[in-house]
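The values are calculated or read from the model by the stated rules, or taken from the named source; none is laboratory data. If you're wondering where the values come from, they're calculated on a predicted model, not measured in any experiment. Don't worry about glycine lacking a Cβ; one is built from the backbone with ideal geometry, like all the others, and counts go over all protein chains shown. Areas reflect the complete protein model, heavy atoms only, side chains present, ligands, DNA and RNA absent. Shrake-Rupley method; radii C 1.70, N 1.55, O 1.52, S 1.80 Å.
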Amino acid sequence: MPSIREHLRNGSIVRAHWRNPAGSGKQVGLLVMFVLAMFVLGSKPMGGATPAEQPGPQSTTYPIKWPGWDTPVTVPTPTVSYPIVFPSPANTR
């Protein structure tokens, strides 16, 4: 928004003020309506549930045990018993 300095107009002093650009009234109105709608819609809990209906945090027992925690895991075995040599460039670090 442009700032208008104090000046003399037709013999009267015009105070300094801010002025909206021409044609911006509709856009400012739409922006105000959008911001107000965000405040109104954002103030309600998600899903429309009241805070009394929403579940709270669950208590956790430590140490945490996952399914299959006590069963041993099979370790994969290599399929070849000889080393595989991969070619490398001549300039190695």
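So the values come out like this:
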item	result
Pairs with Cβ under 6 Å, 6+ apart, first in the stretch 17-46 and closer than 28 Å to PRO2 by Cα, second hydrophobic (A, V, I, L, M, F, W, C)	HIS17/ILE4; TRP18/MET1; ARG19/ILE4; ASN20/MET1
Matching residues in the stretch 1-43 - criterion: being open to solvent by 100 Å² or more (accessible area, probe 1.4 Å) and of a type in the set (A, V, I, L, M)	MET1, LEU8, ILE13, LEU30, LEU31, MET33, LEU41
Subset tally (residues that are over 32 Å from the mean Cα position of the chain (by Cα) and among the hydrophobic types (A, V, I, L, M, F, W, C)) for the stretch 4-44	7
Selected residue (criterion: modelled with the lowest pLDDT) from residues of the stretch 52-83 that are open to solvent by less than 100 Å² (accessible area, probe 1.4 Å) and under 26 Å from the mean Cα position of the chain (by Cα)	GLN54
